[in-house]
Amino acid sequence: MVPSGSGPWAGPAASSWRCTRPRRSPRATPPADAAAENTGAAAASAPAAHQDAALPPRSGGFSPAWPLDSVRFGGLFSWKQLPHHLQPNREEPSMSSSRRSSKSGAQVPVTAWRSVAMAAALCVSIPGAAADLSYLQGLLDATPEGGWVQVNTTAFSSAWASPAEGGLSPGSYSNPATVVTAWSSMAWDSQRGQLQLWGGGHANYMGNEMYLWQGTDGTWTRGSLPTRMTQYGSTSTFFTVDDASPQSAHTYDNNLYVPVNDMFVTFGGAAFNSGGSFVVRGPDGKPVPAGPWMWDPRKADANKVGGVDGSGYLPQTLGGNMWTNQRGNWVGSGPGPSQIETATAYRTENGKDVIYVTSDSNASGWQSLYRYELGDVRAGEAGRFNRVGVSWYAPAFQSTAAIDSHNGLFVQTSAVSPNWAGLSVWDLNALPSDGAGSVVDCTFTFDQQSDRCLFDRYITLVDATGAAFEINRQHGIAFDEASGKFFLWDGRDRGTVWATEAEFTTDGALDTIWTVVELQSTTATQPDGDFSVNGIESGVLGKWLYVAELGAFIALDQFDNTTRDAAVWLYKPMTAPVPEPASAALLLAGAGVLVAWRRHKAAALR
């Protein structure tokens, strides 16, 4: 350990010490700093963004079906055969073997780097003692690798507030179960060892209270009470009565915990009733954009509303002033037009909280990538919010994302029925910069070349036999810092998960085909919720996270109307390496079949 403030990986100023960033050989890079209860009628009222849509044609006659292996953007792909209007007037960034490794790169035992990841998580960010996770660790110790264990000791419904306590009265949009079932996500508070669950929204739930699940003892608790809502004229828009807290919303994959600031962040999505983005009242009383909103866990109080005094359903209820609206508190372009069905991922950079978030317009599926670097929120310090990338090859609806911290890749699920089912990837090592170390907004238009924006890369997923593996709109994705692999879970086959990792060609370029390995549960007890209700894919989405302190994944099962619970589960990954894609394929399909198939596929893409 070294004092904070020294070196490029310095921790936050509030902390006296930080972990040094370990180094390892290629393919073994260390971790970075570290619905739906909808009825048919409700489903019919959902915005078009919730439905599969035909892909719009791209401008300039440039189709997403362009041969992918012949193009490379942002330091990942070759500029050969790129349309002239998109060819930058600069040399292609080099791909050093220290950052990009071939499929034959060296490996480091997963057990060693799982310990590194856990240690890094304990000292990366915030002052104060780490949460006591001995309860969870004990359960994990008794769980076989590749297996699941249910860890909540009380039901989710036990944390709901009755009307006498300040909760909503029975009626329309008053069922807190839809905080789980309606396109929702959660965050893991690494300082307190708790899940932060916030959502509802649109045609599902009006309440905007925070729910907390305590990893110290397995209990569900509440972080606040709901705020009253008021309608804007005769429109579908509703405000919170005090404009000091957000409307409830579908959150998709847009909830996070930022450890340097020690706060919860939500970008929302489809807000209550309107199905639009967050708004507050402007000076003239009309709606103006709001958010992202940040919630302070240090102010959590089960008996207070998140906003000001008197804004709850009981007039005597006190306010906790827990929320802050960050709209406009930044330098740069700010967020895109909508976070409906978009995704986020987090990492620390130079001791700062940094969020990467996608944004869409009119549910087009062609999202832009933004980078949001937070300042000291409690001190009112402005952050930086910049558009850094555009999607060109991999459209996405209802997606989830994670960052491969070993290779610096933002990876997002890309599921657009019926033709697209894989991953979209942006290389974060080539962010647009002012040349002095600051990230800046990229520039891009369809009628002139641009060398400032990152471009996405479409990744085809195949199983060990070479058959297509289809991402669906229910998958959650999380990155295992220890193994360097992505783990996907959608709940369709109970506790079965799938592992994949970034694959590179022998010259260090990102391969366009990644192999997925199926990992069936080694325990009989495992999640069994159905995340597709009445034909509506409300999805796992952001209810599947990696917890570095435990070296395990945490998942929230679908709400069960019988038990009135949304079970919390831990998944314990293998410490022995997950079979390498090539090895698994050779075992199952035979070396000759695999090699012939891959050569045929590569030739077809060229």
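The values are calculated or read from the model by the stated rules, or taken from the named source; none is laboratory data. All values reported here derive from a predicted model rather than from experimental measurement. Cβ atoms come from the backbone with ideal geometry, glycine included; neighbour counts cover every protein chain shown. Surface areas here come from the heavy atoms of the whole protein model, side chains and all, with no ligands, DNA or RNA. Shrake-Rupley method; radii C 1.70, N 1.55, O 1.52, S 1.80 Å.
The figures follow:
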item: Backbone HN-Hα couplings from phi across the stretch 372-382 [Karplus 6.51/-1.76/1.60, Hz, Gly and Pro as x]; result: 10, 9, 7, x, 7, 5, 5, 8, x, 5, 6
item: Under 15 Å from LYS352, Cα to Cα: aspartates and glutamates that are on another chain or at least 8 residues apart; result: ASP33, ASP262, GLU373, ASP376, GLU381
item: Under 5 Å, built H, 5+ apart or other chain: amide partners of MET574; result: GLY146
item: Solvent-accessible area, 1.4 Å probe, carbon plus sulfur percent, for the stretch 151-327; result: 50 percent
item: Amide H contacts of ALA552 (H built 1.01 Å from N, under 5 Å, at least 5 apart or other chain); result: VAL547
item: Per residue, in Å², the accessible surface of the stretch 287-393 once ligands and nucleic acids are set aside, probe 1.4 Å; result: 34 Å²
item: Segment ALA379-ALA467, extension gain: residue separation times 0.36 nm, minus the distance between their alpha carbons; result: 26.4 nm
item: Inter-probe distance in nm under a simple model that places probes 7 Å from Cα toward Cβ, at THR523 and ASP132; result: 2.3 nm
item: Residue-level accessible surface for SER162, protein heavy atoms, 1.4 Å, Å²; result: 40 Å²
item: Amide H contacts of LEU454 (H built 1.01 Å from N, under 5 Å, at least 5 apart or other chain); result: GLY389, VAL390
